[in-house]
Each structure stands twice: as C-alpha cells, then as structure tokens.
Amino acid sequence: MKRFFCAAVLIALCGQTSFAEEVVQNEKAQQEPQLTWEGPYGGVYGASTTGKATGTHSTGSYSPYSIDANTANTNIGFFLGYNHSAGPVIIGLEANMQDRVAEDKSSSLWNGKINYDKLREYKLRLGYPSGQFLPYTFYGGGSVEISWSAYPTTVRTYSNYRTMGIGLDYKVNDSLFVGLEYAKSSVDIAYLSWNEDTDLSAIRFRVGYQF
C-alpha cells in the first residue's frame, strides 16, 4: 500500500511538472513577437551596377562592337511593394525607381559616354519565409532612359527593359528589415541603323519598413 501511494504521488508530481512546463512555453510563445511578411512596405536601396553591350549596324557596313563596363556605378534607389501570404509562400508586387543607374564608356564609333537613367522597374516576387528570413526570386519589366553624352538629341526611353534575380530579406523587428538582392537585367536599343543588346548586373543593399 505504501509503494502504491508513493507511485501515485510520483505520477502526480510528474504530471504537474509537465503541465507547468507547458504553461511556461505557452506564455513564452505569447510574449515573443509574431513576425509577419504580409502587408505594404517601402524603403531605400544602394545599387552597384555594371553593364555590357553588344552592337551591330543593320546595313553591315560597320563591324560589330562590344562594350564591357567593369567599373561599378553606385547610386541610390527607392522601392515600394505589397506582400500577400498564400499558405506557406509569399507573393508580392514591387516597384523600384532609380535615377543615374549607370554610365558606360562608348565604342570608338560614338563620342562621349552612354548614360542609363530614370529606371522604373515593376516585378513579381515569390518567397518562402523562414522565421526572420525571406528568400525570394523575382521577374519583371519596366523602362529606362538611355542617351549618349555627346548627342543630346539621342535621349530616349526604352520600355522593353526586363529583369530577373534573387534576394534575401531579414526582419530586424516586426517592422524594420534589411536585405540583399542580385538583379540581371537587359534592354534592346535601336537608334538610326544601330541595334544594341545591353545587359546590366546590379547588387542592391535594401533597408525597408513594413507598414
């Protein structure tokens, strides 16, 4: 009888201990902030951009040329977007705006430099959140203004700009986040008898706020 009583007391104590641990864990979970990636957000980014272009002349009277601008152009841009939670994934729409995107040397057939300016970028993002991290991939399009510094009348806006890439955002707290993004973009230029295929590569450091 004594052994039975001791066993009953031991079981009761173990049950109380498990219950107390469960209560403590529930209280801790309630106290910890529940991070969410859903909703509107905006911020600023610093971009380091390089460019490469290949040009041909439609009449065939000139040899093709290639321009490889390895010097990075660092400028500031802005972004605004909205994330929607669809089960375990995040689907988002984002718009970027950046002036003074890049400045490349021109070929020997042109004077001055090639300027890339007034970038307007619109993209669809797909991410898979994991705690404070949101890895994602994106694809989109937009427009960019391109001109040659020695030819003021050549300023034109090209709307066939395309972009794709990957990124990673990190929540510092429930509202503030930082991120790193790699974008590979392209735009085809046609001016007079020249056709040029331009590729831009950008690394962007982002700081944003979720509203």
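If the condition is being more than 30 Å from Pro135 (Cβ to Cβ), part of a strand (DSSP E or B), open to solvent by 10 Å² or more (accessible area, probe 1.4 Å) and touching a residue at least 24 places away in the same chain (Cβ under 8 Å), then segment 177-195 contributes Asp188, Tyr191, Trp194, Asn195. Among the residues of segment 74-98, which ones are outside any strand (DSSP E or B) and either at pLDDT 95 or above or of a type in the set (Gly, Ala, Ser) (or both)? Within segment 74-98, just Gly87 meets the criteria. Close Cβ contacts (under 6 Å, 6 or more residues apart or on different chains) running from residues in segment 38-63 that are more than 22 Å from Leu93 (Cβ to Cβ) and at pLDDT below 80 to residues that are basic (Lys, Arg) and in a strand (DSSP E or B) are absent. Just one of the listed residues (Arg156, Arg162) is modelled with pLDDT under 95 and open to solvent by 50 Å² or more (accessible area, probe 1.4 Å), and it is Arg156.
The values are calculated or read from the model by the stated rules, or taken from the named source; none is laboratory data. Values in this document were obtained by computation on a predicted structure and should not be read as measured data. Backbone-built Cβ (ideal geometry, glycine too); neighbour counts: all protein chains shown. Areas reflect the complete protein model, heavy atoms only, side chains present, ligands, DNA and RNA absent. Shrake-Rupley method; radii C 1.70, N 1.55, O 1.52, S 1.80 Å.
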